[in-house]
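A.B. asks: Please find one structure pasted underneath; my questions will follow.
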Amino acid sequence: MTPQAKNKEYYLNLNYSMIINKEDDEFVAYYKEYPKITGCGDNEIEAIEDLKEAFSCLLDVLIAEGEEIKEPAPVEKKVRVNVILPEKLLKSISELTNNRSVFLSKAAKYAIENKIAL
């Protein structure tokens, strides 16, 4: 798609990474790419709807002013692997998280980023 063809509808249909947090007595939603644009609501759905409305308004301004609009980063392909772990270690990981794959991925990334040689 050429830059001229990237209209508001194009950006509204991209898969931006959304984060939703519970803060005090309300939910707050924002896109990872636009953390200062937020939506609030009494529940997650209201926060998401409010965020989408706020983002739509932001797009109107950015398009009118000819500003650059960030697009979501492409999602890295994930690959299934089999690993062998001691049963006790696997149990300990399972007690900390309900998603072992994410846990192991974050642990590996942390070790690599901090140059922890094992």
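A.B. asks: Yes or no: residue 52 in a loop (DSSP other than H, G, I, E, B), among the basic types (Lys, Arg) and touching a strand residue (DSSP E or B) at 6+ places or on another chain (Cβ under 9 Å)? Spell out how you get there, then give the answer.
C.D. replies: Numbers: in a loop (DSSP other than H, G, I, E, B): no; among the basic types (Lys, Arg): yes; touching a strand residue (DSSP E or B) at 6+ places or on another chain (Cβ under 9 Å): yes.
No: the conditions fail for residue 52.
A.B. asks: Here is a further query. Suppose we filter region 55-90 for residues that are part of a helix (DSSP H, G or I) and either aliphatic (A, V, I, L, M) or in the same structural domain as residue 107 (by the TED database) (or both); how many remain?
C.D. replies: Filtering region 55-90 for residues part of a helix (DSSP H, G or I) gives 55-64, 87-90.
Subsequent filtering for residues that are either aliphatic (A, V, I, L, M) or in the same structural domain as residue 107 (by the TED database) (or both) retains 58-59, 61-64, 87-90.
Summing the residues that are part of a helix (DSSP H, G or I) and either aliphatic (A, V, I, L, M) or in the same structural domain as residue 107 (by the TED database) (or both) in region 55-90 gives 10.
A.B. asks: Further question on the same structure: Out of curiosity, is residue 61 over 22 Å from the mean Cα position of the chain (by Cα) and closer than 23 Å to residue 35 by Cβ?
C.D. replies: Against the criterion (over 22 Å from the mean Cα position of the chain (by Cα) and closer than 23 Å to residue 35 by Cβ), residue 61 qualifies.
Conditions (1) over 30 Å from residue 12 (Cβ atoms); (2) loosely packed, with under 10 Cβ neighbours inside 10 Å; (3) at pLDDT 95 or above, marked per residue:
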{"site": "39", "(1), (2), (3)": "no, no, yes"}
{"site": "61", "(1), (2), (3)": "no, yes, yes"}
{"site": "66", "(1), (2), (3)": "no, yes, no"}
{"site": "109", "(1), (2), (3)": "yes, no, no"}
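A.B. asks: Looking at this structure, is residue 3 modelled with pLDDT under 95 and in contact with a strand residue (DSSP E or B) (Cβ under 9 Å, 6 or more places away or on another chain)?
C.D. replies: Considered against the rule, which asks whether it is modelled with pLDDT under 95 and in contact with a strand residue (DSSP E or B) (Cβ under 9 Å, 6 or more places away or on another chain), residue 3 comes out as no.
A.B. asks: Then there is this: Determine the pairs where a residue that is closer than 22 Å to residue 26 by Cα, located within region 40-67, has a partner that is of a type in the set (Asp, Glu) with Cβ atoms under 6 Å apart, the partner being 6 or more residues away or on another chain.
C.D. replies: Close Cβ pairs satisfying both conditions: 40/26; 40/50; 41/50.
A.B. asks: Pairs under 6 Å by beta carbon, first residue among the β-branched types (Val, Ile, Thr) in region 91-107, partner modelled with pLDDT of 90 or more, six or more apart or different chains?
C.D. replies: 93/100; 93/103; 97/103
The values are calculated or read from the model by the stated rules, or taken from the named source; none is laboratory data. Since we're looking at a predicted model, the values are computed, not measured. No Cβ is skipped: glycine too gets one built from the backbone with ideal geometry, and neighbour counts run over all protein chains shown.
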